[in-house]
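Everything on this sheet refers to the single structure shown next.
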């Protein structure tokens, strides 16, 4: 005899693009061969990934995955939403019926009013008494028509309200797309029970349409960066995940794993392809034819028994980390429930204080904005995946940035937003140009003065980037005419870097000049001023 086991979800391990769900339940069985059914399970789960274990006087003989056809959705929530939608559809039909009756009454009253107009004219000829009777009748008809029109407006308002509610339920059903299917899959487990008693069965399986991604908060306080790492979990597997033991793994699962091998790399003489006459094969003219869990967290201590230190800052929980050979698994301290409607659940993974070296960076040739930058080293054991980051200065949100993959011990450059307290001015102080004459070269010469002033109220480290053009032709020559002060760095691509410590209220000034000479017959491309 087959028995049904109520196995609740007790643990979920979420990978970047899928998840492993673990269910566990207890059932009392008699001795002998027994069959236990677990489900319903998501229609999309990987049947080859199912695994069964447990405790008790039983041996697992095998497990099969079966599909059961049903007339109605297996999920109670979907059934309730579907029933509610049907009730609204019935109400919409009733509103339309009532509107039809009122529209027919409106037509009748309108026609009756037109007939009363002629009767009124005849009544005037018949005397005052007849005219008064027709006038009273017309007033009554007008009141009736006004009531009908008001009723039609009220029905239209109700119809719009019902239509909006039906649309909302349709969106909810789309979010529950995996649960909307009436069919369901079950795991049928064959057990050999040695003696009667309780048996604990644990079933795990892999599901697609689930995953997690990283997001960060970067908070600057003085010269210290606080990095908060969060995992955002989403899933549309067709089953809600209750608050259970949730683990976030960085492992990248794949269907098959093979060691790469290189095939021979051959070089052959080039043979031009044959040229065919232009024909149309239903595509472009002349083209080829188209190809065919663990125990729950302890209950919070009552407020009356807590000794609060209001002077101490509130602490944030962090996940436990388990390092593997090629990936890490993080277990958040707080149980997180993840619904199957695609909404996002956030879990805190780690909160770190990192020492940072701050400086202000500007490139006046591109923009007069000044960017606050932090150079910091990952002093933790975590390898941070790439992801978006919200940047805060103390409690103020200032910008968004993106973190690249960040390994332990690696130095990273973080953009922390613009600082309007550092002002930049760039002035074109010299500009000359000669016209080309017969047998001569043409010369262009410019010089810029850049001034950076610090109004932050404290000394800052300043980095200024500028550039001179680079020639890619022997007939074009670039020479620097003024570079003051000398730059700290320069590259072969013409980028110059100045670094300085700028006291509060002080200005830093640099000059950069260069001239470009073009040989006879050379037209210059790429020149710009500003």
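We did not get these values from a lab; they are worked out from the coordinates using the rules stated. Treat the numbers as computed from the prediction; the structure is a model and nothing was measured. Cβ placement follows ideal geometry from the backbone for every residue including glycine, while neighbour counts extend to all protein chains displayed.
What the Kirkwood sum gives for segment 181-240 is a hydrodynamic radius of 17.1 Å, with every pair of different alpha carbons counted. Ranked by how many other Cβ atoms sit within 10 Å of their own Cβ, fewest first, the residues 336, 381 fall in the order 381, 336. Peptides 78-84, 13-19 ranked from most to least packed give 13-19, 78-84, packing being the mean of other C-beta atoms within 10 angstrom over each peptide's residues. Taking the Kirkwood radius as Rh and the Cα radius of gyration as Rg, segment 145-255 has a ratio of Rg/Rh equal to 1.24.
Considering only beta bridges that DSSP places wholly inside segment 356-488, some 90 percent are antiparallel. Over all orientations, segment 422-518 has a Cα convex hull whose mean projected area works out to 6.7 square nanometres.
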